[in-house]
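These notes concern the structure reproduced below.
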Amino acid sequence: MGMTMKCEICNEKTASFVIYIIDKEDKLGKKFFLCEDCANKIPVSCIVLNQNQSSPMKKLPTYGEKTRIYQDLSCSYCLTTYQDFLDSGFLGCSHCYETFYDLLRDSISQIQPELIHRGKIPLRLSHRKKIELSMNRMKINYQKCLEEENYEKAEHIKHLLRRLESYLK
Amino acid sequence: MSLFHLIHVIPGKLEMTGITSRVSLARNLEGIPFPASASSIWIDDLKQRLEKIYQHYLAPKKYRFVQLDAISHQSLEDFFFQNLIPRGVLENPSGRFLIYSKNRGILVNYHDHISVFSAVAGFDLDCVYRDVEKLDNLVEQNLDYAFRSDWGYLTSSPERLGTGMDVSLYIHLPALSLLYGEDRFTQWLRDKEFHVKNCQNENGIIGHIYHFSNRFTLGFSEWQILDSLKKFGMTLIKWEKQVRCTLKNSQTRRMELEENVMMKGKQLFRSDNHTMKDVFDFLSLWALAWQCGIFSPLQGLNFIEVKKILNKIWGTNLSFKRECLYILRFFRVISGEDLYDV
């Protein structure tokens with residue numbers, strides 16, 4: 001039986017990402033094993049900041065600890081710290097929403113009725129959504145054509161699907 | 001100039017005049033730090049991108065591009081009184097720009113990269129929003145906004161996250177304020193799902209002008225936000241009209257209001273210490289008395305007498321004079337064209 005590595009943050013899911021920390025002299029430092037979810041949630045700057053603590057990653061998921069750790073955390077794009085945000089009430093850039101995601105989610109849920117956007121979406125995304133919807137419909141039709149052995153029509157649909165796919169790239 | 005020429009509202013005609021509707025959408029561009037942490041290089045980049053849009057699409061439609069820190073304070077005050085810029089920009093115009101035509105436009109580099117807005121005198125939120133949406137779509141076709149599918153448009157303050165929308169209604173409600181008492185009425189309004197502030201966007205009502213704006217921006221669509229404020233505004237206007245009607249038809253109430261205005265006027269004329277609230281509250285009640293037909297050009301506290309009181313209060317303070325005239329214009333006691341001829 002093969003041995004699987006568990007995620008060092010949630011300690012539940014299987015680790016599928018390895019993050020290597022490289023120091024100033026370009027030498028390989030510590031490495032961390034993370035699952036896909038945690039790798040997407042936890043910013044790299046947070047991992048770097050806390051790499052020298054004993055099992056630092058396991059501390060992140062608990063909320064009280066999280067606040068303390070996030071106080072020193074800064075956005076890698078605009079360098080705004082969480083403390084800056086608390087002092088001014090303003091975030092530095094759109095990447096801050098990724099960096100402080102967990103804390104912002106908690107505070108936004110206190111001031112807004114729901115955590116899901118129901119309003120207007122940018123035109124470029126609405127076009128994308130329309131293309132995705134029509135692609136889904138085409139895929140169903142494609143399967144149907146294959147089942148009915150209508151290969152000529154299936155080929156035509158496949159051609160259209162390829163064209164739509166190119167619009168999404 | 002005749003006295004009647006100065007009066008915008010016919011005395012005794014009970015119409016709701018002191019209302020302004022305003023809608024703005026906060027937007028940020030993808031890849032540029034928000035204004036609070038953007039360096040001058042980023043601001044130049046932002047300016048250039050918007051200048052291109054202005055030259056291609058807006059200049060032909062007779063929009064104007066103004067660098068706000070390069071114009072006089074008086075011109076800035078004019079923009080402020082026309083609801084084109086907020087007080088924060090009036091006080092600190094550095095690095096900010098305005099693209100505008102009449103009552104609509106785009107404010108650049110305030111809290112967010114851009115704020116697309118439109119404001120009209122009167123109660124017509126739908127029309128104002130359509131104006132704003134049109135302008136927003138035009139910008140969006142040429143620039144990528146910072147957006148997340150779950151949280152919507154990303155704003156510098158998480159309080160505006162989602163639609164980025166600010167729907168504001170400025171309503172003059174003197175009759176309801178008199179009936180229920182200003183504090184009690186304000187408290188009741190605060191229990192609703194709206195922000196309640198004064199005309200200067202601060203706490204503490206002055207001149208019985210209430211500024212309502214939406215509290216929620218995430219979880220509701222733009223039209224849902226508009227509808228809730230529209231319903232609320234319509235209810236308040238209906239109540240205000242009913243109370244004004246009662247006031248107009250009751251001899252006792254009319255006398256009370258007349259005495260109240262006369263007394264406040266005398267106090268202001270005699271006193272050397274008065275706050276902005278004292279002056280605006282007096283003007284508000286005087287306007288109400290006009291609208292209820294208690295005062296007219298030949299009866300009660302007429303315009304010449306009020307002008308005497310105001311001239312004494314203003315002294316050499318021109319800025320305060322402009323604020324008072326702006327309030328009178330909002331009440332429609334004098335028309336916009338006559339504003340600076342008084």
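The values are calculated or read from the model by the stated rules, or taken from the named source; none is laboratory data. Model, not experiment: these values are computed from the prediction. Cβ: placed from backbone, ideal geometry, glycine included. Neighbour counts: every protein chain shown. Note: areas computed on protein heavy atoms with side chains; ligands, DNA, RNA excluded. Shrake-Rupley method; radii C 1.70, N 1.55, O 1.52, S 1.80 Å.
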- Test item: B:147-154 mean partner chain Cβ contacts at 10 Å: 6
- Item | In order through the stretch B:301-310: 3J(HN,Hα) via Karplus (6.51 cos²θ - 1.76 cosθ + 1.60), integer Hz, x for Gly, Pro | 6, 8, 5, 4, 5, 5, 4, 4, 4, 5
- Bounding extents of the stretch B:250-341 in its principal axis frame from Cα atoms, largest first in Å, are 39, 31, 21
- Area accessible to solvent at B:Tyr63, 1.4 Å probe radius, in Å²: 20 Å²
- Message: Just to check I understand the Karplus step: with θ = phi - 60° and J = 6.51 cos²θ - 1.76 cosθ + 1.60, what whole-Hz values come out for the stretch B:38-43, glycine and proline as x?
- Response: 8, 7, 5, 5, 5, 5
- For the stretch B:181-224 versus the stretch A:92-157, the gap between their alpha-carbon centres in whole angstrom: 36 Å
- Along the charge dipole of the protein assembly as shown, which of A:Ile22, B:Phe280, B:Phe295 sits closest to the positive end, that is, farthest toward it, with unit charges on the beta carbon of Lys, Arg, Asp and Glu (+1, +1, -1, -1)? B:Phe295
- Residues meeting the amide H criterion for B:Gly152 (H placed from the backbone, H to H distance under 5 Å, 5 or more places apart or on another chain) are A:His117
- Query: Using a 1.4 angstrom probe and counting only protein chains, how large is the accessible area of B:Met263 in Å², to 10?
  - Reply: 100 Å²
- Partner shielding of A:84-95, taken as the mean number of other chain Cβ atoms within 10 Å, equals 6
- Message: If you scale each eigenvalue of the Cα gyration tensor by 5 and take the root, what three semi-axes come out for the stretch B:19-242, rounded to whole angstrom and sorted largest first?
- Response: 31, 19, 16
- When only the heavy atoms of the protein chains count and the probe is 1.4 Å, how do B:Lys266, B:Lys312 rank by accessible area, highest first? B:Lys266, B:Lys312
- Task: With +1 on each Lys and Arg Cβ and -1 on each Asp and Glu Cβ, and nothing else charged, work out how big the dipole of the stretch B:250-341 is about its Cα centre, in Debye to the nearest 20.
- Result: 80 debye
- Message: Largest first and in whole Å, what are the equivalent-ellipsoid semi-axes of the protein assembly as shown based on the Cα gyration tensor, each being the root of 5 times an eigenvalue?
- Response: 54, 28, 23
- Can you give the calculated 222 nm mean residue ellipticity of chain B, where each DSSP H run of n ≥ 4 adds -39,500 (n - 2.57) and the sum is split over every residue, rounded to the nearest 500 deg cm²/dmol? -14000 deg cm²/dmol
- Query: When the accessible area of the protein assembly as shown is computed with all protein chains present and a 1.4 Å probe, what percentage of it is carbon and sulfur?
  - Reply: 50 percent
- Work through the residues other than B:Ser101 whose Cβ is under 11 Å from its Cβ and net out their charges, Lys, Arg +1 and Asp, Glu -1. +4
- Residues other than B:Tyr63 with Cβ under 13 Å of its Cβ, Lys/Arg counted +1 and Asp/Glu -1, net out at +4
- Residues of A:122-129, mean number of Cβ from any other protein chain within 10 Å of their own Cβ, rounded to a whole number? 3
